[in-house]
Amino acid sequence: MENQRNSHQPLLRKLLMISIAMFFFGFALVPLYDVFCRMTGLNGKTANTAAAPSTRIDTSRRIKVEFIANRDDSIPWNFAAEVSTIELNPGAIKVVNFHVKNLSAQAMIGRAVPSVSPGAAARYFKKIECFCFAEQPLDAHGEKNMPVQFYIDPQLPAEYSTITLSYRLYKSQGQTVNR
Amino acid sequence: MSQEHSQSIESANTHHADDAHDHKPQGFSRWFYTTNHKDIGTLYLLFALLMLFTGGSMAMVIRAELFQPGLQFVDPHFFNQMTTVHGLVMVFGAIMPTFVGLANWMVPMMIGAPDMALPRMNNWSFWLLPCAFTILLSTLFMEGGAPAAGWTFYAPLSTTYSNDSTAFFVFAVHLMGISSIMGAMNIIVTIFNLRAPGMTWMKLPLFVWTWIITAFLLIAVMPVLAGVVTMVLTDKYFGTSFFNAAGGGDPVMFQHIFWFFGHPEVYIMILPAFGIISSIVPAFARKPLFGYESMVIATASIAFLSFIVWAHHMFTTGMPVAAELFFMYTTMLIAVPTGVKVFNWVATMWRGAMTFETPMMFAIAFIVLFTIGGLSGLMLAITPADFQYQDTYFVVAHFHYVLVTGALFGIIAGVYFWIPKWTGVMYSERLGQCHFWCSLISVNMLFFPMHFVGLAGMPRRIPDYALQFADMNAFISIGGFLFGLSQLLFVWVVFRCIRRKGEKATAQVWEGAEGLEWQVPSPAPYHTFQTPPEIKSGH
């Protein structure tokens, strides 16, 4: 009986290894998901770093870019884009301002998370400078304009004529002043 | 008891060395300390029956609320708790433990093993379950109530917008997961190491085959579930941002990880039922199973495909067309091995000398009604159509056809098939037939009209609905109550057998039944195959 039990050990150990490996595989899906999305641009996430300026302008077509600004319940700020849509040639560099106003009597820090729709167009949306690259502190009742400088990569496939850039503003975690 | 002792004398040749073990302790300590696969199988089955009625009574609350439009009995938050806990209890408390219980009872007898390979772990994996469900169900009585985010507990419903029952839910799921993984390991080790000499792989009964594949699925995906509930826990309590966009996470990623577990999970809940049906149909058609090898290959193919179809649950989350097409075609591909199985069952019956005892009736109902569930699954797999069906009662109809008339009918068929072997007496055929017809009619009253209200646009998981759905919902609720009541007949049949009321069963029980489990006396003695049996032929 004792021998028989020992003979189960190798197989049991292998099965245990599989289940432990699968537990960590569940967590490995998190960075894998990010890598996969960055490679394919599936979830509309744009690059978090500044892009190089464009080198040519494609005057043969015009792209409509829409701007959406909304905020999380956690942050009592006004947040809006100064224009709702613009049209531009691929390769042309534009600056659009977003206006924020802190409605509360507390200084706090905001963080805007961008998303581009359709997701597959995200990788052609090049930001040279963006307020979303950094955290945005604002004094009590303070307000300011936050610029995003961007262009559309002329390699954008022909089937895309409208691109939507959406920002959602969150209160920055753990960095709150006076809380 | 005296009957059991006389049985063990009759079958003395099968367990000569361990007669002393037959003097098992009585009462609580017998069941609490038991390492006997038959005792543990019985515990699993009785626990699952209790959970079936617990989850079923929640379904009755849901159907009572939906009997009329407007809010009558429960508030929306409690309604959400009911749908959530009903799903969790049925999936993790009723269906999965029943299959493990059936495996405990039948697998060692089918492969000629004296017991499960790891009897003490077996005891532990059972007794974790009552602990897990005590934790889960206790949240119903706490301030703020039980989890209400749906059994799929999508973030941020389960993180940002949930109450502290989340912590209880997460630990309960951890315990259920550990229990399932240990159960699965035990079954794999038993089948790999304890087969009787001559019991080669391609002689294994299909129930054993389907369980090996199910056990590997369990080992592969239950740890992923444990991982995702852990992420929910740390997102809610420890400031991580796996699913929180503000911290750089992504709520859609929750759905990917959850369904990476969730889709294999639905096959965990159906493959053992395929095994049961593959045992029953040949016995009552008095013909060997048609296409044994293709059955094994089909089961393995379904298991493999289940890992690459998960995003068909998420077509509306916004995926590129290439991904939607990939998941649509792989999903439809599952219809091929499933079709092979249905074809083989029908071909087994073809020109067989069929009789229609209760297990066979449930098996035939399984084949027909599971196919209906499979066809509505094909409809849901069509991406553009899914945008219309998503989150409607059509989906509810689909997964109840595969889980109730599929998995549950398979289980009931298996219980009727094997209960004479477990208890030594035949169930009452008259009550069994009565239970079958009541269940068949009421279950179709309950779930079939859901297809229509779903296609007409009635959303799921909402306690109220538009007036035009009123008549259909009243009809569905009546079907629901009748189906619930019909199951009381089942309990009566089972308890009559447990009380040994009925005709004494022979060892073979069914004229056409073949396999090692039918060679031991009925009821099966406490210890079987202490010396390995001789394997003659066939599967």
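The values are calculated or read from the model by the stated rules, or taken from the named source; none is laboratory data. Please read all numbers here as calculations on a predicted model, not as lab measurements. Here the Cβ positions follow ideal geometry from the backbone for every residue, glycine too, while neighbour counts run over all protein chains shown. Note: accessible area is taken over every heavy atom of the protein model, side chains too, but ligands, DNA and RNA are not part of it. Shrake-Rupley method; radii C 1.70, N 1.55, O 1.52, S 1.80 Å.
One residue alone among B:T338, B:T331, B:T392 is within 18 Å of the chain's Cα centre (by Cα) and at pLDDT 95 or above, and that residue is B:T338.
Within region A:43-58, one or more residues are out of contact with any Gly (no Cβ under 6 Å at 6 or more places or on another chain), within 14 Å of chain B (Cβ to nearest Cβ), open to solvent by less than 60 Å² (accessible area, probe 1.4 Å) and within 29 Å of A:S172 (Cβ to Cβ).
Would region B:342-361 turn up any residue that is at pLDDT 95 or above, in contact with a Phe, Trp or Tyr (Cβ under 7 Å, 6 or more places away or on another chain) and among the aromatic types (F, W, Y)? So far as region B:342-361 goes, no, none of its residues is at pLDDT 95 or above, in contact with a Phe, Trp or Tyr (Cβ under 7 Å, 6 or more places away or on another chain) and among the aromatic types (F, W, Y). Scanning region B:230-245 for residues that are touching a residue at least 24 places away in the same chain (Cβ under 8 Å) and more than 10 Å from chain A (Cβ to nearest Cβ) returns B:V232, B:L233, B:D235, B:K236, B:Y237. Note on region A:6-16: among residues that are at the interface with chain B (Cβ under 8 Å from one of its Cβ atoms) and open to solvent by 40 Å² or more (accessible area, probe 1.4 Å), the one that is modelled with the highest pLDDT is A:L16. Output the residues belonging to region B:213-242 that are within 24 Å of the chain's Cα centre (by Cα) and open to solvent by 10 Å² or more (accessible area, probe 1.4 Å). Within region B:213-242, B:I213, B:F216, B:A220, B:A226 meet the criteria.
In this structure, B:P264 qualifies as of a type outside the set (G, A, S), under 28 Å from B:F399 (Cβ atoms) and open to solvent by less than 30 Å² (accessible area, probe 1.4 Å). Filtering region B:187-204 to residues that are within 20 Å of the chain's Cα centre (by Cα) and facing chain A (nearest Cβ under 9 Å) leaves only B:I188. Being at pLDDT 70 or above, under 20 Å from B:L128 (Cβ atoms), open to solvent by less than 20 Å² (accessible area, probe 1.4 Å) and of a type in the set (F, W, Y) is not true of B:Y33.
Take the conditions at positive phi and either open to solvent by less than 30 Å² (accessible area, probe 1.4 Å) or not assigned by TED's automatic domain parsing to the domain that holds A:V35 (or both) and apply them to A:H99. Does it pass? Judged against the criteria, A:H99 is not a match. Quick check: anything in region A:17-29 within 13 Å of another protein chain (Cβ to nearest Cβ), open to solvent by less than 60 Å² (accessible area, probe 1.4 Å) and farther than 30 Å from B:G183 by Cα? Within region A:17-29 (the criterion being within 13 Å of another protein chain (Cβ to nearest Cβ), open to solvent by less than 60 Å² (accessible area, probe 1.4 Å) and farther than 30 Å from B:G183 by Cα), the answer is no, since none of the residues qualifies.
Scanning region A:61-78 for residues that are touching a residue at least 24 places away in the same chain (Cβ under 8 Å) and part of a loop (DSSP other than H, G, I, E, B), we see that the one that is most open to solvent (accessible area, probe 1.4 Å) is A:R62. Would you check if B:G457 is open to solvent by less than 70 Å² (accessible area, probe 1.4 Å), in contact (Cβ under 8 Å) with a residue 60 or more places away in the chain and closer than 30 Å to B:T42 by Cβ? No; evaluated as a whole, the condition is false for this residue. Every residue in region A:136-171 that is in contact (Cβ under 8 Å) with a residue 40 or more places away in the chain, within 14 Å of chain B (Cβ to nearest Cβ) and closer than 19 Å to B:G248 by Cβ, please. Correct list: A:S166, A:Y167, A:R168, A:L169, A:Y170, A:K171.
Just give me the residues in region A:94-108 being touching a Lys or Arg at 6+ places or on another chain (Cβ under 9 Å) and modelled with pLDDT of 90 or more, in sequence order.
A:H99, A:V100, A:K101
Please tell me if B:M182 is touching a residue at least 60 places away in the same chain (Cβ under 8 Å), within 24 Å of B:T35 (Cα to Cα) and open to solvent by less than 10 Å² (accessible area, probe 1.4 Å). Answer is no for this residue. Screening region B:152-162 for residues that are surrounded by fewer than 19 Cβ atoms within 10 Å (Cβ to Cβ) and in contact (Cβ under 8 Å) with a residue 24 or more places away in the chain and picking the one that is nearest to the chain's Cα centre (by Cα) gives B:T152.
Checking each residue in region B:185-212 for being open to solvent by 10 Å² or more (accessible area, probe 1.4 Å) and in a loop (DSSP other than H, G, I, E, B) picks out B:L194, B:R195, B:P197, B:G198, B:M199, B:T200, B:P205.
Considered as a group, the residues in region B:122-151 that are open to solvent by 10 Å² or more (accessible area, probe 1.4 Å) and not in a helix (DSSP H, G or I) include one that is nearest to B:M90 (Cα to Cα), and that residue is B:W151.
For every residue, the table says whether it meets (1) under 17 Å from B:Y465 (Cα atoms); (2) open to solvent by 10 Å² or more (accessible area, probe 1.4 Å).
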position	(1), (2)
B:A48	no, no
B:L52	no, yes
B:R63	yes, yes
B:L71	yes, yes
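Candidates B:G432, B:G457, B:G410: the one that is at pLDDT below 95 and out of contact with any His (no Cβ under 9 Å at 6 or more places or on another chain) is B:G457. Scanning region B:474-493 for residues that are open to solvent by less than 30 Å² (accessible area, probe 1.4 Å) and within 17 Å of B:F409 (Cα to Cα) yields B:G479, B:G480, B:F483, B:G484, B:S486, B:Q487, B:F490, B:V493. Of everything listed in (1) farther than 18 Å from A:V116 by Cα; (2) under 22 Å from the mean Cα position of the chain (by Cα); (3) more than 14 Å from chain B (Cβ to nearest Cβ); (4) crowded, with 17+ Cβ neighbours inside 10 Å, the single unmet condition for A:A81 is (1).
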